[in-house]
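First the structure, in the form of C-alpha coordinates, and then the observations on it.
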Amino acid sequence: MRRLRTALVGCGKVGSLHAAALARLPQSDFVALIDADSQRAATFGARYGAAPFTGIAEAVRATNAKAVFLCTPHPLHANAAIEAMNAGAHVLVEKPLAATLADCDRMIAAAKANGVQLGVVSQRRLYEPVQRMKLAIDAGKIGKPVLGTVAMFSWRDEAYYRSDPWRGKWATEGGGVLVNQSPHHLDLLLWFMGEVVEVSGVAENLNHPYIEVEDTAAATLRFRNGGIASLVVSLSQKPGLYTKIHIHGSNGASVGAETDSGATFIAGMSGQAGPALNDIWTVPGEEHLLAEFVAQDRARFAAEPDCAERYHAAEISNFLDALMAETPVPVPAQEGRNVVQLFDAIYRASRERRVIEL
Ligand SMILES: NC(=O)c1ccc[n+]([C@@H]2O[C@H](COP(=O)([O-])OP(=O)(O)OC[C@H]3O[C@@H](n4cnc5c(N)ncnc54)[C@H](O)[C@@H]3O)[C@@H](O)[C@H]2O)c1
(Lines give C-alpha, C1' and ligand atoms only; values in the text may rest on other atoms or scores of the structure.)
Protein backbone atom coordinates (compact mmCIF):
# COMPACT_ATOMS: atom_id res chain seq x y z
CA MET A 1 0.00 0.00 0.00
CA ARG A 2 1.13 3.56 -0.73
CA ARG A 3 2.05 5.47 2.39
CA LEU A 4 2.42 9.15 3.24
CA ARG A 5 5.05 10.49 5.62
CA THR A 6 3.13 11.88 8.61
CA ALA A 7 3.96 14.18 11.53
CA LEU A 8 2.10 15.18 14.70
CA VAL A 9 2.30 18.60 16.38
CA GLY A 10 1.17 18.72 20.02
CA CYS A 11 1.96 15.70 22.19
CA GLY A 12 -0.86 16.23 24.68
CA LYS A 13 -4.28 14.74 25.41
CA VAL A 14 -5.85 14.48 21.97
CA GLY A 15 -2.37 14.12 20.48
CA SER A 16 -2.25 10.67 22.08
CA LEU A 17 -5.26 9.56 19.97
CA HIS A 18 -3.66 10.93 16.79
CA ALA A 19 -0.28 9.33 17.58
CA ALA A 20 -1.81 5.92 18.23
CA ALA A 21 -3.66 6.11 14.90
CA LEU A 22 -0.67 7.43 12.94
CA ALA A 23 1.53 4.65 14.34
CA ARG A 24 -0.85 1.87 13.23
CA LEU A 25 -2.63 3.06 10.06
CA PRO A 26 -1.25 1.32 6.96
CA GLN A 27 -1.30 4.57 4.92
CA SER A 28 0.86 6.38 7.50
CA ASP A 29 4.65 6.37 7.69
CA PHE A 30 4.88 8.15 11.04
CA VAL A 31 8.16 10.09 10.91
CA ALA A 32 8.00 13.09 13.27
CA LEU A 33 6.57 14.22 16.61
CA ILE A 34 6.75 17.90 17.47
CA ASP A 35 6.08 19.65 20.77
CA ALA A 36 7.27 22.99 22.12
CA ASP A 37 8.09 20.98 25.27
CA SER A 38 11.05 18.75 24.28
CA GLN A 39 10.33 16.31 27.12
CA ARG A 40 6.80 15.67 25.81
CA ALA A 41 8.12 15.13 22.28
CA ALA A 42 10.74 12.70 23.60
CA THR A 43 8.19 10.75 25.68
CA PHE A 44 5.84 10.39 22.67
CA GLY A 45 8.85 9.54 20.47
CA ALA A 46 9.76 6.63 22.74
CA ARG A 47 6.13 5.44 22.83
CA TYR A 48 5.18 5.79 19.16
CA GLY A 49 8.50 5.38 17.35
CA ALA A 50 8.72 8.71 15.46
CA ALA A 51 11.59 11.22 15.71
CA PRO A 52 11.07 14.03 18.29
CA PHE A 53 11.43 17.73 17.37
CA THR A 54 10.57 21.11 18.92
CA GLY A 55 10.27 23.10 15.65
CA ILE A 56 7.58 22.46 13.02
CA ALA A 57 9.32 23.69 9.82
CA GLU A 58 12.55 22.02 10.90
CA ALA A 59 10.75 18.68 11.45
CA VAL A 60 8.81 18.81 8.16
CA ARG A 61 11.95 19.61 6.17
CA ALA A 62 14.18 17.09 7.99
CA THR A 63 11.73 14.20 7.55
CA ASN A 64 10.03 15.29 4.31
CA ALA A 65 6.66 14.84 6.06
CA LYS A 66 3.71 15.33 3.69
CA ALA A 67 0.82 15.40 6.15
CA VAL A 68 0.86 17.21 9.52
CA PHE A 69 -1.73 16.59 12.27
CA LEU A 70 -2.13 19.60 14.52
CA CYS A 71 -3.12 19.17 18.18
CA THR A 72 -2.01 22.37 19.94
CA PRO A 73 -4.40 24.65 21.90
CA HIS A 74 -6.76 26.46 19.49
CA PRO A 75 -5.31 30.02 19.55
CA LEU A 76 -2.01 28.46 18.42
CA HIS A 77 -3.53 26.54 15.48
CA ALA A 78 -3.07 29.29 12.90
CA ASN A 79 0.64 29.98 13.29
CA ALA A 80 1.50 26.29 13.58
CA ALA A 81 -0.63 25.31 10.55
CA ILE A 82 0.82 28.12 8.45
CA GLU A 83 4.36 27.10 9.39
CA ALA A 84 3.66 23.51 8.34
CA MET A 85 1.95 24.55 5.09
CA ASN A 86 4.77 26.96 4.21
CA ALA A 87 7.14 24.02 4.66
CA GLY A 88 5.08 22.13 2.05
CA ALA A 89 2.81 19.83 4.12
CA HIS A 90 -0.95 19.26 4.00
CA VAL A 91 -2.52 19.85 7.44
CA LEU A 92 -5.40 18.33 9.43
CA VAL A 93 -6.20 20.63 12.38
CA GLU A 94 -8.01 19.61 15.54
CA LYS A 95 -11.32 21.39 16.12
CA PRO A 96 -12.00 24.27 16.23
CA LEU A 97 -10.11 25.33 13.08
CA ALA A 98 -9.02 28.42 15.06
CA ALA A 99 -10.35 30.65 17.82
CA THR A 100 -10.94 33.66 15.52
CA LEU A 101 -12.18 34.29 11.98
CA ALA A 102 -9.04 36.30 11.20
CA ASP A 103 -6.92 33.24 12.03
CA CYS A 104 -9.16 31.02 9.83
CA ASP A 105 -8.68 33.40 6.93
CA ARG A 106 -4.89 33.47 7.35
CA MET A 107 -4.83 29.66 7.38
CA ILE A 108 -7.07 29.29 4.31
CA ALA A 109 -4.96 31.84 2.42
CA ALA A 110 -1.76 29.95 3.31
CA ALA A 111 -3.24 26.66 2.06
CA LYS A 112 -4.13 28.29 -1.24
CA ALA A 113 -0.76 30.01 -1.60
CA ASN A 114 1.10 26.73 -0.99
CA GLY A 115 -1.21 24.51 -3.04
CA VAL A 116 -1.83 22.19 -0.08
CA GLN A 117 -5.00 20.87 1.56
CA LEU A 118 -6.21 22.06 4.96
CA GLY A 119 -8.86 20.11 6.85
CA VAL A 120 -10.43 20.10 10.31
CA VAL A 121 -11.34 17.21 12.61
CA SER A 122 -15.05 16.54 13.20
CA GLN A 123 -15.06 12.90 14.19
CA ARG A 124 -18.66 12.84 15.47
CA ARG A 125 -19.73 13.01 11.80
CA LEU A 126 -18.48 9.41 11.65
CA TYR A 127 -20.58 8.13 14.57
CA GLU A 128 -22.97 5.55 13.14
CA PRO A 129 -26.19 7.18 14.48
CA VAL A 130 -25.05 10.52 13.00
CA GLN A 131 -24.27 8.90 9.64
CA ARG A 132 -27.80 7.42 9.59
CA MET A 133 -29.28 10.88 10.22
CA LYS A 134 -27.22 12.41 7.40
CA LEU A 135 -28.21 9.68 4.93
CA ALA A 136 -31.91 10.04 5.81
CA ILE A 137 -31.84 13.85 5.56
CA ASP A 138 -29.94 13.83 2.24
CA ALA A 139 -32.34 11.22 0.85
CA GLY A 140 -35.25 13.60 1.59
CA LYS A 141 -36.84 11.24 4.13
CA ILE A 142 -37.84 14.09 6.46
CA GLY A 143 -38.66 16.50 3.63
CA LYS A 144 -36.66 19.68 4.18
CA PRO A 145 -34.74 19.90 7.50
CA VAL A 146 -36.61 22.85 9.07
CA LEU A 147 -36.06 22.61 12.83
CA GLY A 148 -32.91 21.60 14.71
CA THR A 149 -32.05 21.36 18.38
CA VAL A 150 -28.73 20.81 20.12
CA ALA A 151 -28.77 20.12 23.85
CA MET A 152 -25.47 19.65 25.69
CA PHE A 153 -25.76 19.24 29.45
CA SER A 154 -22.22 18.30 30.39
CA TRP A 155 -19.70 18.91 33.17
CA ARG A 156 -16.09 20.04 33.58
CA ASP A 157 -14.57 20.36 37.05
CA GLU A 158 -11.86 22.60 38.50
CA ALA A 159 -9.20 19.89 38.06
CA TYR A 160 -9.91 19.86 34.30
CA TYR A 161 -9.35 23.61 34.04
CA ARG A 162 -6.20 23.39 36.17
CA SER A 163 -4.81 20.48 34.10
CA ASP A 164 -3.23 22.83 31.52
CA PRO A 165 -2.41 26.53 31.99
CA TRP A 166 -4.17 27.58 28.74
CA ARG A 167 -7.66 26.37 29.72
CA GLY A 168 -10.47 28.69 30.79
CA LYS A 169 -8.80 31.98 29.79
CA TRP A 170 -9.75 34.32 26.95
CA ALA A 171 -6.15 34.95 25.88
CA THR A 172 -5.05 31.33 25.70
CA GLU A 173 -8.27 29.39 24.99
CA GLY A 174 -10.22 32.06 23.07
CA GLY A 175 -13.53 31.14 24.70
CA GLY A 176 -15.33 28.50 26.73
CA VAL A 177 -17.92 25.86 25.88
CA LEU A 178 -18.69 27.55 22.54
CA VAL A 179 -15.07 27.32 21.37
CA ASN A 180 -13.96 24.08 22.96
CA GLN A 181 -16.78 21.56 23.49
CA SER A 182 -19.59 22.69 21.15
CA PRO A 183 -17.84 22.89 17.72
CA HIS A 184 -18.68 19.21 17.08
CA HIS A 185 -22.41 19.90 17.34
CA LEU A 186 -22.29 23.29 15.63
CA ASP A 187 -20.63 21.45 12.75
CA LEU A 188 -23.31 18.72 12.73
CA LEU A 189 -26.10 21.31 12.71
CA LEU A 190 -24.51 23.08 9.70
CA TRP A 191 -23.85 19.73 8.00
CA PHE A 192 -27.52 18.75 8.37
CA MET A 193 -29.25 22.09 7.78
CA GLY A 194 -26.90 24.25 5.69
CA GLU A 195 -25.93 27.88 5.90
CA VAL A 196 -26.92 30.10 8.85
CA VAL A 197 -28.09 33.65 8.07
CA GLU A 198 -29.20 35.03 11.44
CA VAL A 199 -28.03 34.45 15.02
CA SER A 200 -29.13 35.58 18.46
CA GLY A 201 -27.72 34.26 21.69
CA VAL A 202 -26.32 34.63 25.16
CA ALA A 203 -23.15 33.25 26.74
CA GLU A 204 -22.74 33.13 30.52
CA ASN A 205 -20.61 31.63 33.24
CA LEU A 206 -23.15 29.93 35.53
CA ASN A 207 -21.09 28.00 38.07
CA HIS A 208 -17.35 28.01 37.26
CA PRO A 209 -15.98 31.03 39.20
CA TYR A 210 -12.38 29.87 38.66
CA ILE A 211 -12.48 30.43 34.86
CA GLU A 212 -12.82 33.64 32.82
CA VAL A 213 -14.80 32.21 29.92
CA GLU A 214 -18.45 31.07 29.59
CA ASP A 215 -19.52 27.60 30.69
CA THR A 216 -22.97 27.90 29.05
CA ALA A 217 -24.54 29.43 25.95
CA ALA A 218 -28.01 29.49 24.41
CA ALA A 219 -28.76 30.60 20.86
CA THR A 220 -31.41 30.64 18.17
CA LEU A 221 -30.46 30.41 14.50
CA ARG A 222 -32.20 31.03 11.20
CA PHE A 223 -30.97 29.14 8.12
CA ARG A 224 -30.83 30.10 4.43
CA ASN A 225 -33.30 27.23 3.70
CA GLY A 226 -35.89 28.95 5.92
CA GLY A 227 -35.34 26.53 8.82
CA ILE A 228 -34.61 27.48 12.42
CA ALA A 229 -32.68 25.90 15.29
CA SER A 230 -32.10 26.35 18.98
CA LEU A 231 -29.12 25.27 21.00
CA VAL A 232 -28.19 25.11 24.66
CA VAL A 233 -24.62 24.04 25.36
CA SER A 234 -23.52 23.82 28.97
CA LEU A 235 -20.75 22.43 31.15
CA SER A 236 -22.64 23.24 34.36
CA GLN A 237 -24.55 20.03 35.13
CA LYS A 238 -22.95 17.80 37.75
CA PRO A 239 -22.97 14.98 36.89
CA GLY A 240 -23.02 15.58 33.13
CA LEU A 241 -26.28 14.31 31.62
CA TYR A 242 -26.16 14.01 27.81
CA THR A 243 -25.58 15.71 24.48
CA LYS A 244 -28.27 15.31 21.82
CA ILE A 245 -28.97 16.62 18.36
CA HIS A 246 -32.41 16.34 16.77
CA ILE A 247 -33.54 17.37 13.29
CA HIS A 248 -37.22 17.74 12.41
CA GLY A 249 -38.40 17.87 8.82
CA SER A 250 -41.05 19.68 6.77
CA ASN A 251 -43.01 16.41 6.41
CA GLY A 252 -43.25 16.17 10.21
CA ALA A 253 -40.70 13.36 10.56
CA SER A 254 -37.80 13.55 13.01
CA VAL A 255 -34.37 11.95 13.33
CA GLY A 256 -32.04 12.32 16.27
CA ALA A 257 -29.10 11.04 18.23
CA GLU A 258 -27.73 11.12 21.72
CA THR A 259 -24.09 11.48 20.68
CA ASP A 260 -22.75 11.54 24.24
CA SER A 261 -24.19 10.05 27.40
CA GLY A 262 -23.07 11.66 30.65
CA ALA A 263 -20.37 14.31 30.30
CA THR A 264 -18.63 14.60 26.92
CA PHE A 265 -15.41 12.56 27.14
CA ILE A 266 -12.02 14.21 27.67
CA ALA A 267 -9.71 12.91 24.93
CA GLY A 268 -6.74 11.03 26.30
CA MET A 269 -8.21 11.20 29.84
CA SER A 270 -11.66 9.60 29.89
CA GLY A 271 -13.64 7.44 27.48
CA GLN A 272 -17.22 7.57 26.24
CA ALA A 273 -19.59 6.79 29.12
CA GLY A 274 -21.93 4.91 26.80
CA PRO A 275 -22.66 4.32 23.14
CA ALA A 276 -23.85 7.03 20.77
CA LEU A 277 -27.46 6.06 19.97
CA ASN A 278 -30.31 7.20 17.76
CA ASP A 279 -33.02 8.32 20.18
CA ILE A 280 -35.69 9.51 17.72
CA TRP A 281 -36.61 8.00 14.35
CA THR A 282 -40.07 8.80 13.02
CA VAL A 283 -39.33 8.50 9.29
CA PRO A 284 -42.62 7.19 7.80
CA GLY A 285 -42.40 3.43 7.38
CA GLU A 286 -39.07 3.21 9.26
CA GLU A 287 -40.27 3.63 12.85
CA HIS A 288 -39.41 0.00 13.59
CA LEU A 289 -35.75 0.62 12.68
CA LEU A 290 -35.06 2.59 15.85
CA ALA A 291 -34.89 -0.55 18.01
CA GLU A 292 -32.57 -2.22 15.48
CA PHE A 293 -30.26 0.79 15.33
CA VAL A 294 -30.06 0.95 19.13
CA ALA A 295 -29.33 -2.78 19.37
CA GLN A 296 -26.52 -2.49 16.79
CA ASP A 297 -24.96 0.50 18.54
CA ARG A 298 -25.16 -1.08 21.99
CA ALA A 299 -23.56 -4.30 20.66
CA ARG A 300 -20.72 -2.37 18.98
CA PHE A 301 -20.04 -0.41 22.16
CA ALA A 302 -20.13 -3.53 24.34
CA ALA A 303 -17.53 -5.14 22.06
CA GLU A 304 -15.27 -2.05 22.10
CA PRO A 305 -16.11 0.38 24.93
CA ASP A 306 -12.77 2.21 24.54
CA CYS A 307 -13.71 3.44 21.07
CA ALA A 308 -12.60 7.11 21.04
CA GLU A 309 -9.46 6.37 19.05
CA ARG A 310 -11.45 4.45 16.42
CA TYR A 311 -13.26 7.55 15.17
CA HIS A 312 -10.11 9.66 15.16
CA ALA A 313 -8.32 6.88 13.27
CA ALA A 314 -11.17 6.74 10.73
CA GLU A 315 -11.01 10.49 10.25
CA ILE A 316 -7.22 10.43 9.82
CA SER A 317 -7.46 7.45 7.47
CA ASN A 318 -10.04 9.27 5.30
CA PHE A 319 -7.82 12.38 5.26
CA LEU A 320 -4.77 10.40 4.10
CA ASP A 321 -6.83 8.54 1.47
CA ALA A 322 -8.08 11.87 0.06
CA LEU A 323 -4.54 13.27 -0.11
CA MET A 324 -3.29 10.20 -1.97
CA ALA A 325 -6.28 10.24 -4.34
CA GLU A 326 -5.83 14.00 -4.78
CA THR A 327 -9.51 14.58 -3.95
CA PRO A 328 -10.87 17.17 -1.48
CA VAL A 329 -10.32 16.20 2.17
CA PRO A 330 -13.45 15.16 4.12
CA VAL A 331 -14.03 18.30 6.23
CA PRO A 332 -12.27 21.13 4.38
CA ALA A 333 -11.12 24.27 6.21
CA GLN A 334 -14.04 26.34 4.89
CA GLU A 335 -16.45 24.11 6.84
CA GLY A 336 -14.29 24.63 9.94
CA ARG A 337 -14.46 28.38 9.29
CA ASN A 338 -18.28 28.19 9.18
CA VAL A 339 -18.25 26.80 12.74
CA VAL A 340 -15.94 29.59 13.93
CA GLN A 341 -18.18 32.15 12.22
CA LEU A 342 -21.16 30.69 14.09
CA PHE A 343 -19.63 30.79 17.58
CA ASP A 344 -18.19 34.23 16.86
CA ALA A 345 -21.72 35.43 15.96
CA ILE A 346 -23.16 33.97 19.20
CA TYR A 347 -20.53 35.87 21.22
CA ARG A 348 -21.29 39.08 19.32
CA ALA A 349 -25.04 38.62 19.78
CA SER A 350 -24.48 38.13 23.51
CA ARG A 351 -22.11 41.07 23.98
CA GLU A 352 -24.02 43.51 21.77
CA ARG A 353 -27.49 42.26 22.81
CA ARG A 354 -28.75 42.16 19.23
CA VAL A 355 -29.48 39.83 16.32
CA ILE A 356 -26.42 39.20 14.12
CA GLU A 357 -26.89 38.74 10.36
CA LEU A 358 -24.29 36.66 8.54
N1 LIG B 1 -11.70 16.15 18.41
C2 LIG B 1 -11.80 16.02 19.72
O3 LIG B 1 -12.62 15.28 20.24
C4 LIG B 1 -10.83 16.78 20.62
C5 LIG B 1 -10.64 16.37 21.92
C6 LIG B 1 -9.75 17.07 22.73
C7 LIG B 1 -9.07 18.17 22.24
N8 LIG B 1 -9.29 18.58 20.96
C9 LIG B 1 -8.60 19.78 20.44
O10 LIG B 1 -7.20 19.50 20.35
C11 LIG B 1 -6.42 20.64 20.69
C12 LIG B 1 -5.46 20.27 21.82
O13 LIG B 1 -6.18 19.91 22.97
P14 LIG B 1 -5.54 18.99 24.11
O15 LIG B 1 -6.59 18.75 25.13
O16 LIG B 1 -4.87 17.81 23.50
O17 LIG B 1 -4.41 19.98 24.71
P18 LIG B 1 -3.11 19.61 25.57
O19 LIG B 1 -2.78 20.83 26.38
O20 LIG B 1 -3.32 18.32 26.29
O21 LIG B 1 -1.98 19.38 24.47
C22 LIG B 1 -1.46 20.44 23.70
C23 LIG B 1 0.02 20.14 23.39
O24 LIG B 1 0.49 21.13 22.46
C25 LIG B 1 1.82 21.49 22.86
N26 LIG B 1 2.12 22.81 22.30
C27 LIG B 1 1.68 24.01 22.70
N28 LIG B 1 2.15 24.99 21.90
C29 LIG B 1 2.89 24.38 20.95
C30 LIG B 1 3.63 24.86 19.83
N31 LIG B 1 3.66 26.17 19.52
N32 LIG B 1 4.29 23.96 19.07
C33 LIG B 1 4.24 22.65 19.38
N34 LIG B 1 3.56 22.15 20.43
C35 LIG B 1 2.88 23.00 21.19
C36 LIG B 1 1.78 21.45 24.38
O37 LIG B 1 3.08 21.36 24.94
C38 LIG B 1 0.94 20.19 24.61
O39 LIG B 1 1.73 19.03 24.65
C40 LIG B 1 -7.42 21.74 21.07
O41 LIG B 1 -7.62 22.59 19.96
C42 LIG B 1 -8.70 20.98 21.37
O43 LIG B 1 -9.90 21.70 21.09
C44 LIG B 1 -10.14 17.90 20.14
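Quick notes
- In the chain, Cα pairs under 8 Å separated by at least six residues give a relative contact order of 19 percent.
- Over all directions, the projected convex hull of the C-alpha atoms in segment 252-358 averages 10.8 nm² in area.
- Computed on segment 302-354, the Cα convex hull volume stands at 114 Å³ per residue.
- Among beta bridges that DSSP assigns inside the chain, antiparallel share in %, nearest 5: 60 percent
- Segment 205-268: C-alpha gyration tensor shape, a/c 1.5 cut-off, then a/b vs b/c: oblate
- Here the spin labels are modelled as points 7 Å beyond Cα on the Cα-Cβ line, and at ARG310 and MET1 they lie 1.7 nm apart.
- Rh by Kirkwood over Cα pairs, then Stokes-Einstein D for segment 1-159 at 1.002 mPa s and 20 °C, µm²/s: 125 µm²/s
- Here is the P(r) of segment 109-223: all C-alpha pair distances, binned every 10 Å from 0, give 11, 33, 32, 21, 3 in whole percents.
- Kirkwood estimate for segment 18-111, i.e. one over the average of 1/r between Cα atoms, Å: 13.4 Å
- Most simply put, segment 148-257 has about 80% antiparallel DSSP beta bridges, counting only bridges with both residues inside it.
- Listed pairs LYS95/LYS169; LYS66/LYS244; LYS13/LYS238; LYS13/LYS244 exceeding 27 Å between Cα atoms: LYS66/LYS244
- With bins 10 Å wide beginning at 0, the percent of Cα pairs of segment 159-259 falling in each bin runs 13, 43, 30, 12, 2.
- Value of Rg to Rh for the chain (Rh from inverse mean 1/r over Cα pairs, i.e. Kirkwood): 0.96
- Taking all Cα pairs closer than 8 Å and separated by 6 or more residues, the relative contact order of segment 133-268 comes to 37 percent.
- Computed with a 1.4 Å probe over protein heavy atoms only, the accessible surface of the chain comes to 40 Å² per residue.
- Separation of alpha-carbon centers, segment 296-330 and segment 103-124, rounded to whole Å: 20 Å
- Simple spin-label estimate for VAL294 and ASP37 in nanometres, 7 Å along Cα-Cβ: 4.3 nm
- In this simple spin-label model, placing a label point 7 Å from the Cα along the Cα-to-Cβ direction at both ARG24 and VAL355 gives a separation of 5.0 nm.
- Ranked by the mean number of other Cβ atoms within 10 Å per residue, highest first, peptides 178-188, 158-168, 312-322 order as 178-188, 312-322, 158-168.
- Prolate/oblate/rounded label for segment 186-335 (Cα gyration tensor, a/c 1.5): rounded
- Here the accessible area of segment 89-239 is 58 percent carbon and sulfur, with a 1.4 angstrom probe and all protein chains present.
- Distant-in-sequence amide H partners of SER236 (H built 1.01 Å from N, under 5 Å): SER154
- Working from Cα pairs under 8 Å separated by at least six residues, relative contact order for segment 256-348 is 19 percent.
- Between SER230 and ASN251, the contour length at 0.36 nm per residue exceeds the alpha carbon distance by 5.6 nm.
The values are calculated or read from the model by the stated rules, or taken from the named source; none is laboratory data. Fair warning: this is a prediction, and the values are worked out from it, not measured in the lab. We place every Cβ from the backbone using ideal geometry, glycine too, and count neighbours over all the protein chains shown. Protein only, heavy atoms only, side chains kept; ligands, DNA and RNA dropped before computing areas. Shrake-Rupley method; radii C 1.70, N 1.55, O 1.52, S 1.80 Å.
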